[in-house]
Amino acid sequence: MHIEKRKAGNKTKYYLIHNYREGAKVKKVSRYLGSDLTKEKLEKIRPIAERQILQRVKVIRKINDPLLEALSEEEITQIKNLEQKKSFVIFHLSKEQWKRFSELFTYSTNAIEGSELSKKEVKDILNKDKWPKDKEKEDISEAYGVQNAIEHIRKTKVHLSIELIEKIHEIIFKNSKEFAGYLRTKGIEVVVKDGLGNIVHEGAPSENVRQLLKVLVGWYEKHKNKYPPILLAAVIHNQFENIHPFEDGNGRVGRILLNNILLKHNLPPVNIDLRRRKRYYQALQEHETNHDIRPTIELLLDEYKSMKRELGGYKK
C-alpha cells in the first residue's frame, strides 16, 4: 500500500492506495485519509485504514464469484442425486393452490424479517382488505407488496436482470421505504449482526454493488442451460444475499428471485417456512463461509415436501 497526495485548491488530500490482483486483472482500492495531514497524524491513521482496506478486499473477493469456479460433472451429479434422494417430483399449482401459496409465502417471508402479522391477518389483508388495527402500516403495506411481487414474477419473461431486481424491490416496498427500487449508493454500507452484536455478514462495499450484480447476471446467463434449475436458484438467491444490494429488504427480494428462477425453469415455487428460519440462515452461512451450496438445496427440497403437505395434492 502507498500514500497518494492530490491537490485540491489550497489543500492537499491524502489517500491510501492498495492494488490487488483478481484473476488477470489488477484492481485498485483507495481510502481517503484527510487533508493537510501532519506526518504524526498520517502515522496514526494509516494502520486503521490499512485494516479497513484489507477487510474490504476480503469481502469483495468472497462475494465476487457465486461458486468460485465451475462445477465438475461429478458435483452436478451429486446435486441431481440429492433430488432423487429427497424424492423430488415436479408438480404444478392449481389456481386455488397459487392463492394459498401466496398467503403462506407472504406470511413467512415477511415474518422471517420481523413482521408481526399472523397467518390469519395476512389472509384477511390479501383476500378481504381487512386491516388489523393494532399492527404497523408498514407490515400491512409489505404484505400487499409481496403478493404483487409474486404476481409480477408469474407474468414476466425475464429470468434475471438488475432492472428486475430493482423492480421487485420497488413493488414490495413502494409504500414503506423511501429508497424502494434503488440500489445502495456510495457510503451506504450494510452489516448484519446477531442478537449478541456479533457481525455475521457484511454486504458488498456500496461502490461494488452494481458490478457484482452484473457478474451474477452474467454467471446465470452462462450456466442457465447447464446446471440443474434448483442449483441455479439456490446460487442466485445466496449470492444475492451475500451482495446485499439494498439498504434494507434484501431477504424478501432474494426469496422472490429464488422463485422466479424456479418458475422460469418450469419448477414450482417454494416457501421458506418461518419455523425453519434458523436452518435457512445456517445454510446461507455455510455457503458464504465454506462455499457449500448443498445445505441450501437440501432445505429447498425439504420445503417442497412440506409445502405439498400444506397445499394438498398437485397436478404432475
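Here, each number is a calculation from the coordinates, and none is a lab measurement. The structure presented is a predicted model; accordingly, all values stated were derived computationally and were not measured. Using ideal geometry, Cβ is built from the backbone for each residue, glycine included, and neighbour counts are taken over all protein chains shown.
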For the chain, I need the span (max minus min coordinate) of the C-alpha atoms along each principal axis, in Å, sorted largest to smallest. 73, 54, 37
Taking H as built 1.01 Å from N, whose amide H comes closer than 5 Å to the amide H of Leu33, not counting residues under 5 places away? Tyr14, Tyr15, Leu16
Sketch the reach of a paramagnetic label on Thr289 as a point 7 Å from Cα along Cα-to-Cβ, and name the residues of the stretch 248-281 whose backbone nitrogen lies under 18 Å away. 277-281
Roughly what angle does helix 294-311 make with the longest principal axis of the chain, taking Cα atoms, 0 to 90 degrees, to the nearest 10? 30
Charge dipole of the chain built from unit charges on the beta carbon (Lys, Arg +1; Asp, Glu -1), centred at mean Cα; most positive-end Cα among Gly187, Ile171, Leu258 is Gly187
Length gained, Leu54-Glu75, 0.36 nm per residue minus C-alpha separation, equals 4.3 nm
With the 8 Å Cα cutoff and a minimum separation of six or more residues, the stretch 67-311 has a relative contact order in percent of 22
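Please compute one quarter of the surface area of the Cα convex hull for the stretch 216-306 and express it in square nanometres.
Answer in nm², one decimal: 5.7.
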Could you check the spin-label model distance between Arg275 and Glu178? Points 7 Å from the Cα along Cα→Cβ, value in nm. 4.1
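Which of Ser206, Ser118 comes first, and how do the rest follow, when ranked by fewest Cβ neighbours within 10 Å? Could you put the intermediate results ahead of the total?
On the way: Ser206 18, Ser118 13.
The most exposed by this proxy come first: Ser118, Ser206.
Among the listed pairs Lys128/Lys308; Lys137/Lys174; Lys99/Lys123, which are separated by more than 19 Å between their Cα atoms?
On the way: Lys128/Lys308 25 Å; Lys137/Lys174 13 Å; Lys99/Lys123 10 Å.
Pairs exceeding 19 Å: Lys128/Lys308.
Can you tally the lysine pairs in the stretch 2-59 where the Cα-Cα distance is under 14 Å and the two residues are eight or more apart, or on different chains? Don't skip to the end; give the middle numbers.
Working: Lys5/Lys13; Lys5/Lys39; Lys13/Lys39; Lys13/Lys41; Lys27/Lys58; Lys28/Lys58.
Lysine pairs satisfying the spacing and distance rule in the stretch 2-59 number 6.
What does the highest-first list of 74-83, 165-174 look like by mean Cβ count within 10 Å? Write down the numbers at each step before the final one.
On the way: 74-83: 14.0, 165-174: 22.2.
My ranking of the peptides, most packed first, is 165-174, 74-83.
Determine the shape class of the stretch 2-59: with a ≥ b ≥ c the square roots of the Cα gyration tensor eigenvalues, call it rounded for a/c under 1.5, and otherwise prolate if a/b is greater than b/c, oblate otherwise. Intermediate values should be presented prior to the final figure.
On the way: a/c = 3.20, a/b = 1.68, b/c = 1.91.
Oblate.
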Pull out the extension gain between Ser118 and Val158, defined as 0.36 nm times the separation in residues minus the alpha carbon to alpha carbon distance; nm, one decimal. 11.2 nm
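By average Cβ neighbour count within 10 Å, what is the ranking of 103-112, 9-18, 225-234, 177-186 from highest down? Let's see the in-between values first.
Values: 103-112: 22.7, 9-18: 13.9, 225-234: 20.2, 177-186: 15.7.
Ranking, from highest mean packing down: 103-112, 225-234, 177-186, 9-18.
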Can you give the FRET efficiency to the nearest 0.05 for Lys7 and Lys27, using r as the Cβ-Cβ distance and R₀ = 30 Å? 0.75
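Quote the charge dipole size of the chain about the Cα centre in Debye, to the nearest 20; the model charges only the Cβ of Lys and Arg (+1) and of Asp and Glu (-1). It would help to have the intermediate numbers written out before the result.
Numbers: 61 positive and 45 negative charges, 111 e Å.
Dipole size: approximately 540 debye.
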Can you tell me the 0 to 90 degree angle between the C-alpha axis of helix 229-243 and the longest principal axis of the chain, rounded to 10? 40
Nonlocal amide H pairs with Val190, under 5 Å, H built at 1.01 Å: Gly203
Comparing Ala149, Ala283, Ala49 in a Gaussian network model of the chain (Cα, 10 Å), the one with the largest mean-square fluctuation is Ala49
Apply the Karplus parameterisation 6.51 cos²θ - 1.76 cosθ + 1.60, with θ equal to phi minus 60°, to every residue of the stretch 5-11 and state each ³J(HN,Hα) to the nearest whole Hz, in sequence, with x for glycine and proline. 9, 9, 7, 9, x, 8, 9
